[in-house]
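Below: one structure, written as structure tokens.
The values are calculated or read from the model by the stated rules, or taken from the named source; none is laboratory data. Computed from a predicted structure; not experimentally measured. FYI the Cβ positions are ideal-geometry reconstructions off the backbone, even for glycines, and counts take in every protein chain you see.
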Amino acid sequence: MRNATLIVLLAIGALLAAMGSVFVVNESQTAIVLNLGRVVRADLEPGLHFKWPLVEEVRRFDQRILSLDDAPERYLTSEKKDVSVDFFVKWKIADVATYYRSANGGNEDAARQRLTPIVKNALRNEINQRTLQEVVSAGRAELSGSFLEAVNRGARSLGIEVVDVRIKRINLPDDSNILRTVYSRMSTERTQVANQLRAEGVEQSETIRSEADRQRQVTIAEAERDAQKLRGEGDAKAAEIYARAYGQDAEFYGFYRSLEAYRESMADGQTVLVLDPDSEFLRHFGTDKR
């Protein structure tokens, strides 16, 4: 009976030992194995692993990308002007053993508290080298990418890799006179642009008017030239017709021309002519003496 009980106890102990020596690391995790508080194995991949029961301890950590979103911070530009910058950080564990040692046993809040000043110092150095206009006008991606390498140099001591740093907002503090200065400068710049656009518009309008006037003069001159040409051709044709008519019957042609002269000179019906009866102008009104 005593042997049977001993066998059962040994079996239970062996089962418990087997259960205590096996552990699983999930797909989204990484792990380390501690032997009496000392790291003996690190960066364990997902899957089934073994350890010494009772002697070794397993610590699992999230290997997914984590976020750091802190309150906006005020920085000084190279002109000693204040700007308020709001940013967020995407990071992940790169060296789990270093992360465990530097973050109070791998505590995420402790890691964030140590990572935040590293990011802020890098951002401060970046903004200190730029003017206010450069900070405001520079693209957020450009400003973020330029100091990502500097952030990672500092984060490497924490066992952390910073994947991305993004600027959410760049604002001017409300309690600063920079706003009035910026608005005044913006107003001046907009006024200069508006005046320049007006001047360019006036110049273009004058150019268009000058071109239109020139084109008008050219069109009138060409029309007058064509009219003179047509009049000359008409007069030549008329002279040719008159010449043929005169050649066919000179007396009738003279009579016809006299009638035309009478009609033109007395067209208004009020013309009074005082002429000698023997005047050549009245020869068709005389009596035939034959």
Go through segment 41-83 and report how many residues are touching a residue at least 60 places away in the same chain (Cβ under 8 Å) and either touching an Asp or Glu at 6+ places or on another chain (Cβ under 6 Å) or basic (Lys, Arg) (or both).
3
Among the residues of segment 32-73 satisfying the criterion of being of a type in the set (Lys, Arg) and surrounded by 13 or more Cβ atoms within 10 Å (Cβ to Cβ), which is farthest from Tyr100 (Cα to Cα)?
Lys51
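Report, by residue number, each residue of segment 86-118 that is among the aliphatic types (A, V, I, L, M) and either farther than 24 Å from Val135 by Cα or modelled with pLDDT under 85 (or both).
Ile93, Ala94, Val96, Ala97, Ala103, Ala110, Ala111
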